[in-house]
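This report refers to the structure that appears directly beneath it.
The values are calculated or read from the model by the stated rules, or taken from the named source; none is laboratory data. Predicted model, so just to flag it, every value in this text is computed and none were measured. So basically every Cβ, Gly included, is an ideal-geometry build from the backbone, and we count neighbours across all protein chains shown. All accessible areas refer to the heavy atoms of the entire protein, side chains included, with ligands and DNA or RNA removed. Shrake-Rupley method; radii C 1.70, N 1.55, O 1.52, S 1.80 Å.
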Amino acid sequence: MKTKQFKAESKRLMDLMINSIYTHHEIFLRELISNASDAIDKLYYKALKENLSDISRENFEIHITADKDTRTLTLSDNGCGMSKDDLENNLGTIAKSGSLTFKKENEEGNNDDIDIIGQFGVGFYSAFMVSSCVKVISREYGSQEAWCWESHGIEGYTIEPCEKDSYGTDIILTVKENTDDDNYDEFLQPYRLRELVKKYSDYIRYPIRMEVEKSRPKEGGEDGETETYTETETLNSMIPLWKKKKSEITQEDYNNFYKDKFYDYQPPAKVIHTSTEGSMTYNALLFIPSRPPYDYYTREFEKGLQLYASGVMIMEKCADLLPDYFSFVRGLVDSQDLSLNISREMLQHNRQLVAIEKHLEKKIKNELEAMLKDDRENYEKFFDNFGRQLKFGVYSDYGMHKEVLKDLLLFTSSHEKKKTTLKEYVERMREGQKYIYYACGETADRIARLPQIEMLCDNGYEVLYLTEDVDEFALTMMHEYEGKEFKNASSDDIELEEADKESAKKLNEENKDLLSFMKETLGDKVKEVTLSSRLKSHPVCLSSSGGMSIEMEKVLNAMPNDQKVKAERVLEINAGHPVFEKLKELYSQDQDKVKAYTNILYSQALLIEGLPIEDPVEYSNQVCELMK
């Protein structure tokens with residue numbers, strides 16, 4: 001039989017398809033199974049349309065046979081089969097798809113039981129990635145003739161008559177020999193074939209079967225003696241959980257699916273099962289884990305949802321379906337309408353994909369808001385695990401997502417020492433209060449003892465306790481909430497009552513010489529030394545001037561780079577504290593002691609803020625000198 005050339009632009013195109021389009025050799029099995037499923041769908045559609053009595057859906061199947069001795073892997077289906085012309089047109093012309101043609105011809109039928117997967121006429125040729133020879137034996141339904149298409153790759157193909165007992169198609173691959181880089185033997189191992197079917201084709205609607213060798217105790221044999229036998233095993237589940245009606249699924253079903261599919265030993269904190277039809281048609285089954293994966297907050301973590309096209313997995317982790325701030329969500333999306341490019345491994349970044357991502361974002365947000373409203377205890381547990389990611393979402397991309405996330409944030413508050421939303425804070429604000437006050441520190445207990453917030457709390461103002469490094473950056477990016485600006489309690493421009501402001505201004509003017517002397521003593525360590533009327537029982541505190549706070553300074557300087565930053569520090573002295581009276585007394589009697597006291601007070605202010613003392617030995621000596 002004369003070898004025919006492929007009807008493609010060039011042999012180079014064939015070479016590219018075999019060697020470049022698919023990055024993982026294992027994909028070939030998914031492609032061939034999908035083609036077999038399409039062939040069965042076509043025959044089933046024909047049976048429905050023409051009322052064929054000899055066709056029963058229960059008899060459809062795809063069968064896999066691996067023969068290690070002959071190094072052949074066979075996939076058989078009892079679908080529509082192909083005539084000689086079909087083999088010529090569909091397999092002889094690269095990128096010609098019989099499935100796509102069939103779908104276009106029958107679009108008006110709108111039959112939910114027909115699900116054409118392979119639409120681009122390329123997947124079949126992935127078989128050459130693992131095969132030195134591909135043989136297709138096919139007999140069209142209703143015909144007595146069978147034909148054999150055979151090819152060894154880019155050199156071409158032959159078509160000749162053959163024998164086949166029944167309609168359908170057998171694809172026989174002669175698997176390549178192993179190389180230094182590739183282990184082709186794996187595609188002849190039953191356990192590996194089972195693994196690939198479960199991974200990619202678990203939800204093909206027809207049973208995928210294979211003869212599997214098993215062992216059992218030998219009847220009449222000695223203790224421990226076994227014998228081997230073969231058994232036909234169905235490898236796939238067939239019915240996707242996400243396509244069932246919600247009323248038919250129990251919470252246990254969801255939990256078991258999540259644990260098995262995503263290898264978590266704990267049930268999910270939240271299940272989101274959603275579907276949509278119309279301009280975009282898809283099903284989604286999403287899970288919010290009960291705890292973060294061990295690598296969640298590392299660079300190694302890879303976000304994304306599993307992506308299926310009509311029940312066939314085409315991508316393990318599709319990052320484009322989730323925004324970064326919802327990267328903790330696990331699950332899958334299954335669509336009949338996604339536009340794929342030449343391989344199923346890569347998605348075109350088209351409008352439909354963007355639309356699905358936006359719809360999922362809205363759905364996740366709505367579910368979290370409902371959880372916050374109706375199940376506060378579990379939402380707070382969720383926030384303990386993943387709230388940091390939401391805060392990063394507020395801060396990232398120059399605050400583009402703050403409107404989406406602002407009502408999902410929680411912060412510990414001075415109000416009953418409990419977590420609160422920003423909305424709840426604003427609802428409790430005093431009449432006439434201009435700002436949402438916050439303070440930063442390592443823990444809520446340490447923040448509660450800060451000198452800067454003592455007077456605020458005593459005057460009835462609520463303060464948010466920010467304990468994570470991202471917190472202040474997120475609030476700074478938001479700037480305000482419902483018209484109320486955020487104000488750091490450690491800022492030097494906290495607005496007091498008018499009488500207090502006038503009193504502080506007068507005291508600073510009366511003691512400007514002493515304050516100037518203390519500023520000169522500290523040099524460029526501080527921008528200013530000032531008297532404060534916001535301090536109550538504490539003698540001193542540090543505040544910041546300008547856009548960078550002391551907490552921001554600590555966070556930025558902890559990053560692994562050589563550029564260090566410094567906030568403009570202001571040393572505030574409590575005008576009503578006995579320490580200030582002592583300073584005034586010493587200023588006229590012993591200015592050297594004033595210098596020593598100034599340095600001690602500055603070091604104490606640093607300690608209160610959780611900042612390192614510049615010279616611990618000197619500080620210790622100064623304290624010891626006072627004790628004499």
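Side notes on the structure shown:
- In this structure, residue 471 does not satisfy being more than 24 Å from residue 390 (Cα to Cα) and either among the acidic types (Asp, Glu) or at pLDDT 95 or above (or both).
- For region 548-555, the criterion of being touching a Phe, Trp or Tyr at 6+ places or on another chain (Cβ under 6 Å) and of a type outside the set (Asp, Glu) is met by no residue.
- Cβ-Cβ distances below 7 Å connect the following pairs, each with a first residue in region 164-177 that is under 23 Å from residue 68 (Cα atoms) and of a type in the set (A, V, I, L, M), a second residue that is open to solvent by 40 Å² or more (accessible area, probe 1.4 Å) and outside any loop (DSSP other than H, G, I, E, B), and a separation of six or more residues or different chains: 172/135.
- Region 569-584: number of residues that are touching a residue at least 24 places away in the same chain (Cβ under 8 Å) and either among the acidic types (Asp, Glu) or in a loop (DSSP other than H, G, I, E, B) (or both): 4
- Residue 216, sole failed condition from (1) touching a residue at least 60 places away in the same chain (Cβ under 8 Å); (2) open to solvent by 40 Å² or more (accessible area, probe 1.4 Å): (1)
- Of all residues in region 374-408, those being modelled with pLDDT under 95 and of a type in the set (Gly, Ala, Ser) number 2.
- Test: residue in region 495-512 that is crowded, with 17+ Cβ neighbours inside 10 Å and in contact with a His (Cβ under 9 Å, 6 or more places away or on another chain): no
- Looking across region 431-445, the residues that are open to solvent by 30 Å² or more (accessible area, probe 1.4 Å) and either at pLDDT below 90 or assigned to a loop (DSSP other than H, G, I, E, B) (or both) come down to 431, 432, 434, 442, 443.
- Residue match in region 585-603 (condition: over 16 Å from residue 519 (Cα atoms) and touching a residue at least 60 places away in the same chain (Cβ under 8 Å)): no
- Of the residues making up region 509-516, not a single one is assigned to a helix (DSSP H, G or I), among the charged types (D, E, K, R) and under 24 Å from residue 625 (Cα atoms).
- Complete set of residues in region 538-547 that are at pLDDT 90 or above and assigned to a loop (DSSP other than H, G, I, E, B): 538, 539
- Residue match in region 242-251 (condition: under 30 Å from residue 292 (Cβ atoms), open to solvent by 80 Å² or more (accessible area, probe 1.4 Å), acidic (Asp, Glu) and free of Cβ contacts under 8 Å to residues at least 24 places away in the same chain): no
- Filtering region 283-319 to residues that are surrounded by 17 or more Cβ atoms within 10 Å (Cβ to Cβ) and among the acidic types (Asp, Glu) leaves nothing.
- Looking across region 39-61 at every residue that is assigned to a loop (DSSP other than H, G, I, E, B) and of a type in the set (S, T, N, Q), the one that is least open to solvent (accessible area, probe 1.4 Å) is identified as 56.
- Residues located in region 472-482, provided they are charged (D, E, K, R) and part of a strand (DSSP E or B): 480
- Hey, residue 485 in a strand (DSSP E or B), acidic (Asp, Glu) and within 33 Å of the chain's Cα centre (by Cα) or not: yes
- Candidate set: region 154-184, residues that are out of contact with any strand residue (DSSP E or B) (no Cβ under 8 Å at 6 or more places or on another chain) and of a type outside the set (D, E, K, R); chosen: the one nearest to residue 55 (Cα to Cα): 154
- Counting the residues of region 268-279 that are open to solvent by 50 Å² or more (accessible area, probe 1.4 Å) and over 16 Å from the mean Cα position of the chain (by Cα) gives 4.
Here is a yes/no grid of residues against (1) closer than 30 Å to residue 395 by Cα; (2) open to solvent by less than 60 Å² (accessible area, probe 1.4 Å); (3) under 39 Å from the mean Cα position of the chain (by Cα):
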{"site": "523", "(1), (2), (3)": "no, yes, no"}
{"site": "537", "(1), (2), (3)": "no, no, no"}
{"site": "551", "(1), (2), (3)": "yes, yes, yes"}
{"site": "557", "(1), (2), (3)": "yes, yes, yes"}
{"site": "572", "(1), (2), (3)": "no, yes, no"}
{"site": "590", "(1), (2), (3)": "no, yes, no"}
{"site": "597", "(1), (2), (3)": "no, yes, no"}
{"site": "618", "(1), (2), (3)": "no, no, no"}
{"site": "626", "(1), (2), (3)": "no, no, no"}
